[in-house]
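Participant: The following block contains the structure, expressed as structure tokens.
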Amino acid sequence: MKREYANNNAEYTALCKVIARNLKRAIVNKGMTVTEFSERLGIGNSLFYRYARGEAIPTLYTAIKYCKELGITLNDLVSEK
């Protein structure tokens, strides 16, 4: 699938929202704000906020990095709860 079409895909959009919700929940559970988390990892705010708003999906490498820092699994990140 070409990237320009990915954002129009309903499944892609739904996964973006699930990841955003789970990411924010995990950050709050760690006692941080989204801004604190992004600064702690040295992540550019504009890109990280796209993940936190459900506008984009992090790469697998980035998702693993976030999960390790937050003490969650990839399954926790991508599963609807």
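The values are calculated or read from the model by the stated rules, or taken from the named source; none is laboratory data. Fair warning: this is a prediction, and the values are worked out from it, not measured in the lab. With ideal geometry, Cβ positions are generated from the backbone for all residues, glycine too; neighbour counts draw on all protein chains shown. When the accessible area is computed, the model is the full protein with side chains, heavy atoms only, and any ligands, DNA or RNA have been set aside. Shrake-Rupley method; radii C 1.70, N 1.55, O 1.52, S 1.80 Å.
Participant: Can you work out the accessible area per residue across region 11-81, with the rest of the protein chains kept in place, probe 1.4 Å, in square angstrom?
Facilitator: Numbers: 4170 Å² over 71 residues.
Heavy-atom SASA per residue in region 11-81 reads 59 Å².
Participant: Roughly how many percent of the accessible protein surface of the chain is carbon and sulfur, given a 1.4 Å probe and a whole-percent answer? Kindly include the intermediate steps, with their values, before the conclusion.
Facilitator: Numbers: 2770 of 5230 Å².
Here it works out to 53 percent.
Participant: Counting only GluC sites (Glu not before Pro) that sit in a DSSP loop (anything but H, G, I, E, B) with at most 16 other Cβ atoms within 10 Å, what is the longest stretch of the chain containing none of them?
Facilitator: Result, exposed sites excluded: 1-54.
Participant: For the chain, what relative contact order do you get, as a whole percent, if you take Cα pairs closer than 8 Å and at least 6 residues apart?
Facilitator: Details: 62 pairs, mean separation 30.8, N = 81.
This gives 38 percent for the chain.
Participant: Can you give the net charge of the other residues whose Cβ lies under 12 Å from the Cβ of Ile43, counting K and R as +1 and D and E as -1? Before the final figure, lay out each step's value.
Facilitator: Working: positive: Arg40, Arg50, Lys65; negative: Glu36, Glu39, Glu69.
With Lys, Arg at +1 and Asp, Glu at -1, the net is 0.
Participant: Also, quick follow-up: Could you tell me which label, among (i) 1.05; (ii) 1.15; (iii) 1.28, carries the value of Cα Rg over 2.2 N^0.38 Å calculated for this structure?
Facilitator: (i)
Participant: Let me ask another. If each residue of separation counts as 0.36 nm, what is the full-extension length gain between Asn9 and Arg50 once their alpha-carbon separation is subtracted?
Facilitator: Numbers: separation 41, 0.36 × 41 = 14.76 nm, distance 1.68 nm.
Taking 0.36 nm per residue and subtracting the Cα distance, the gain is 13.1 nm.
Participant: Run lengths n ≥ 4 of DSSP H only: what is the helix-derived mean residue ellipticity at 222 nm for the chain, with -39500 (n - 2.57) per run over all residues, to the nearest 500?
Facilitator: Working: 6 runs with 56 residues, N = 81.
Taken over the chain, the calculation gives -20000 deg cm²/dmol.
Participant: List the aspartates and glutamates whose Cα lies under 15 Å from the Cα of Lys68, skipping any in the same chain that are fewer than 8 positions away.
Facilitator: Result set, ordered by chain and number: Asp76.
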